[in-house]
Amino acid sequence: MPRSGVPGSITSLDIGLSEFQQQYRAVFEASSDGLVITDLDTECVIDANPAFCRMHGYENMDGIHPSTFIHPDSHHLFGEYLQTIRNGHEYRCQARDIRKDGSIFDVEVIGRSFLYGGRPAILGIVRDITDRLRDFQVLEERVAERTREIERRREVAEGLRDLLATVNSRRTLDEIMQYVVQQTCNLLNCDAASVFIADEDEEFGEALIAKANMGLEPELMDVRLPVGQSSTGLAYKELRPVIVPDIRAALPAATGRREDLGTQEHSNYIAVHHLPEVLETSDLSRPEDPGALLRSFAESYGALLAVPLAVKDERYGVLSLYYRGSREFTEDEVALAEAFADQTALAIENARLREQAEKAAAIEERQWLARELHDAVTQTLFSATLIADVIPEIWEVNPDAARGRLEQLRRLTRGALAEMRLLLVELRPGVLGELSLTDLLKQLADAAAGTTGAEVSVRCEGPSPTRLPANVQVALYRIAQEALNNIAKHARATHVSVELHHESDGRVTLRIEDNGQGFDTGTNTPGHLGLSIMCERAQDIGALFRLDSTTGNGTRITVNWRNGGWTDS
């Protein structure tokens with residue numbers, strides 16, 4: 001309705017606006033969000049509700065410029081805030097504000113254009129999000145911690161997998177134990193670690209001797225620990241983990257005091273708070289001050305975790321972990337140390353089983369040699385004895401025949417001697433890489449001649465290399481050995497030639513040829529297994545293997561090896 005023309009009269013529109021303003025004001029005042037109205041021209045606050053004032057520590061904020069309560073780091077956002085509103089858009093951001101007392105807090109701001117009393121203004125809705133950000137930060141930290149824990153568990157799993165692979169490898173026991181202490185330091189974050197193995201000591205009787213170390217000072221590496229007289233010794237004796245969380249605190253009990261050194265049960269391990277490590281070394285086995293070495297140890301390390309190495313009830317030693325500072329150990333850390341100890345004990349057990357297996361193999365090898373002596377050399381000598389017995393009688397009747405028997409006797413005894421030498425070589429396989437290949441081939445030829453009765457010749461030509469690689473020499477020897485064995489069993493040859501050629505460019509050719517009955521190379525029979533073995537040996541050293549044979553025309557085997565291998569041309 002139009003306003004009345006009577007001065008001072010009140011229209012229904014005036015009443016409606018008044019009621020709206022009162023409602024607006026009530027909402028403005030009661031809002032839990034901070035509400036602030038900023039003049040677009042002066043850029044100062046022209047109104048603020050109680051929530052906004054309390055948020056910033058003021059009773060009234062009319063006329064204050066926002067730079068007063070906006071943190072300097074967020075001043076640039078206020079400029080963006082004004083510009084965005086002037087362009088007719090809503091503005092949202094996170095900023096930092098300052099209370100009247102100087103404390104800083106985080107806010108979320110929403111700005112919209114607004115007419116206030118007919119003037120262009122900005123209505124700002126401000127929420128304190130300090131608690132929300134703090135909760136989010138805590139959540140982020142928890143997520144990060146969980147992520148680190150997952151990553152650590154992954155590393156531990158990979159470490160245990162690698163450790164298990166190492167334990168089951170052909171590495172020596174010393175190499176495995178050194179790998180264990182390295183992995184222990186990496187995955188358990190200890191500053192040093194040692195593997196102690198039980199052994200007999202002249203002074204202490206049964207003692208623990210350090211066999212592998214990582215991170216220890218040189219003067220602490222050559223140590224002997226009497227069983228039961230140290231934390232490590234107790235772990236071995238009791239077959240349970242032993243913890244010293246604070247070595248320095250336990251030091252007085254080891255340097256003259258006789259307090260009761262009690263133990264405290266905790267989960268599946270013993271927490272020993274007053275049982276320090278007692279060290280004895282070759283240089284300081286009887287120091288004038290028995291506590292001097294211990295004090296030196298305590299100056300370097302503050303905590304100790306000792307875990308026994310055992311398979312079932314069989315004790316082998318102890319895995320000890322050292323930390324620079326004092327610390328408490330979690331059950332997970334102890335369990336992980338026990339897992340490493342179990343794998344180490346398994347490695348020791350495997351090493352001992354391998355040793356037993358090697359001894360059994362040595363016994364079996366000796367038995368094999370005894371059979372070979374009986375089957376080959378003994379029979380040859382027996383034949384030589386029979387021939388020697390009849391030679392005098394034949395000589396009286398037919399000297400020419402007797403001379404033939406003498407030549408046969410010479411061949412048999414020479415073959416027996418060659419067989420003996422070959423058996424000695426088999427007893428010491430390392431000799432195959434030490435003797436010259438020419439000498440080895442001559443021994444094989446003499447043995448083959450004595451066994452088959454055939455004429456076996458050996459010819460070596462070309463500049464002989466200073467030394468063939470050991471694996472190459474062994475492979476060529478074994479190929480020649482297998483070839484001559486096959487000839488003795490199947491060929492019925494009267495002449496065999498063994499040729500070895502050395503070329504100036506590093507090539508080596510081994511050729512073995514006989515005038516025996518030969519065979520069809522296209523027929524794969526069980527008797528030809530030796531050929532497959534020879535071919536595999538040649539492939540192992542990168543050599544070329546060739547077999548030529550036809551029925552009734554003998555057999556020729558050729559092996560070509562060149563230093564650096566062969567390339568297709």
Legend entry - Length released on extending from Asp135 to Arg467, taking residue separation times 0.36 nm less the Cα-Cα span: 112.1 nm
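May I ask for the net charge around Pro120, where only other residues with Cβ less than 11 Å from the Cβ of Pro120 are counted and Lys, Arg are +1 while Asp, Glu are -1? Kindly include the intermediate steps, with their values, before the conclusion.
Working: positive: Arg86, Arg119; negative: Asp39, Asp41.
Net charge around Pro120: 0.
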Inset, instruction - Check the straight Cα-Cα distances from Lys489 and name the lysines below 25 Å, setting aside those fewer than 8 residues away within the same chain. - result: Lys442
Inset, instruction - Could you check the simple spin-label distance between Tyr116 and Asn350, using points 7 Å along Cα→Cβ, in nm with one decimal? - result: 7.9
Legend entry - Hits among lysines - C-alpha to C-alpha of Lys237 under 22 Å, sequence gap 8 or more where chains match: Lys211, Lys312
Legend entry - Accessible area in square angstrom per residue, segment 38-77, 1.4 angstrom probe: 46
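Based on the Cβ-Cβ distance from Arg148 to Glu175, what FRET efficiency comes out when R0 is 56 Å, to the nearest 0.05? Write out the running numbers ahead of the final one.
Numbers: r = 31 Å, r/R0 = 0.56.
That pair, Arg148 with Glu175, gives E of 0.95.
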Inset, instruction - Quick one: what are the phi-derived ³J(HN,Hα) couplings along segment 108-124, Karplus 6.51/-1.76/1.60 with θ = phi - 60°, whole Hz, x for glycine and proline? - result: 10, 10, 10, x, 9, 5, 7, 9, 10, x, x, 9, x, 8, 10, 9, x
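Just to make sure I understand: if all protein chains stay in place, what is the order of Asp39, Asp174, Asp540 by accessible area at 1.4 Å, largest first? If you can, show how the numbers build up before the last one.
Values: Asp39 5, Asp174 100, Asp540 125 Å².
Greatest to least solvent exposure: Asp540, Asp174, Asp39.
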Inset, instruction - Using a 1.4 angstrom probe on the protein heavy atoms only, line up Lys312, Lys442 by accessible area, largest first. - result: Lys312, Lys442
Legend entry - Ranked by how many other beta carbons lie within 10 Å on average, peptides 452-460, 94-102, 352-360, 298-306 from highest: 298-306, 452-460, 94-102, 352-360
Inset, instruction - Would you calculate the separation in nanometres between label points at Arg161 and Asp548, each defined as 7 Å from the Cα along the Cα-to-beta-carbon direction? - result: 5.3
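By how many nm would the segment from Asn563 to Ile533 lengthen if fully extended, with 0.36 nm per residue of separation less the alpha-carbon distance? Please report the intermediate quantities before stating the final value.
Values: separation 30, 0.36 × 30 = 10.80 nm, distance 2.19 nm.
Extra length from Asn563 to Ile533 when fully extended: 8.6 nm.
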Legend entry - Distant-in-sequence amide H partners of Cys93 (H built 1.01 Å from N, under 5 Å): Val109
Inset, instruction - Determine how large the accessible area of Thr385 is when every protein chain is in place; take a 1.4 Å probe and give Å² rounded to the nearest 10. - result: 70
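The values are calculated or read from the model by the stated rules, or taken from the named source; none is laboratory data. The shown structure was predicted, so the numbers you read here are calculated from the model rather than taken from an experiment. Using ideal geometry, Cβ is built from the backbone for each residue, glycine included, and neighbour counts are taken over all protein chains shown. All accessible areas refer to the heavy atoms of the entire protein, side chains included, with ligands and DNA or RNA removed. Shrake-Rupley method; radii C 1.70, N 1.55, O 1.52, S 1.80 Å.
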